[in-house]
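Remarks on the structure that follows.
Taken together, the values in this text are just the output of simple stated rules run on the coordinates, not laboratory data. What you are looking at is a predicted structure, and each value in this text was computed from that prediction instead of being measured. Positions of Cβ are backbone-derived with ideal geometry, glycine not excepted, and every protein chain shown enters the neighbour counts.
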Amino acid sequence: MPEFLRENLELMTDLIRAGGVVMVPLVILSLVMWLLIIERIFFFRRLYKKNMNSRTALCLARKNTLPDPKMYRGAVSLLVTEFIRNRSGSPQLDRHLLDAAVARINRRMTRSLAVIGVLAAMAPLMGLLGTVTGMIRSADLITS
């Protein structure tokens, strides 16, 4: 292992030890939150890459033709593909199927945003808990 990497690893280990018992859950919480954020970034980036315009989507839906996955991979393409695969032929039922497809795509878009929000709210509280436990430990050392 290179010298600078070993030194940085030792420094991080020392910082985590100095942080006390709250530091390990805080690091884990932070890593999980950032992994979820990065996953969402890639998901949203994929949704807006190679997206089709509404005129093309309407034309494909009228022709009952699935979009070419090499040309279109965005959110509108997902919606058109799901709509065409579930199409019934009845305009009223198709309207409900389209609404259901939009709702499913919306759920996929917001899937882990609530978890990210909770973790982002917990991180400062864990930091505050670490500060308080450190102050209590310092007060114990001073009194002894």
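Please work out which residue is surrounded by the most Cβ atoms within 10 Å (Cβ to Cβ), limiting yourself to the stretch 62-77 and to residues that are in contact with a helix residue (DSSP H, G or I) (Cβ under 6 Å, 6 or more places away or on another chain) and of a type in the set (A, V, I, L, M).
Looking at residues that are in contact with a helix residue (DSSP H, G or I) (Cβ under 6 Å, 6 or more places away or on another chain) and of a type in the set (A, V, I, L, M), I get VAL76.
Given the structure, is VAL132 under 19 Å from the mean Cα position of the chain (by Cα) and of a type in the set (Val, Ile, Thr)?
Details: under 19 Å from the mean Cα position of the chain (by Cα): no; of a type in the set (Val, Ile, Thr): yes.
Criteria not met by VAL132.
Do any residues in the stretch 130-144 that are closer than 10 Å to VAL22 by Cα have Cβ atoms under 7 Å from those of residues that are assigned to a helix (DSSP H, G or I), where the two are at least six apart or on different chains, and which pairs are they?
GLY130/GLY19; GLY130/MET23; GLY130/LEU26
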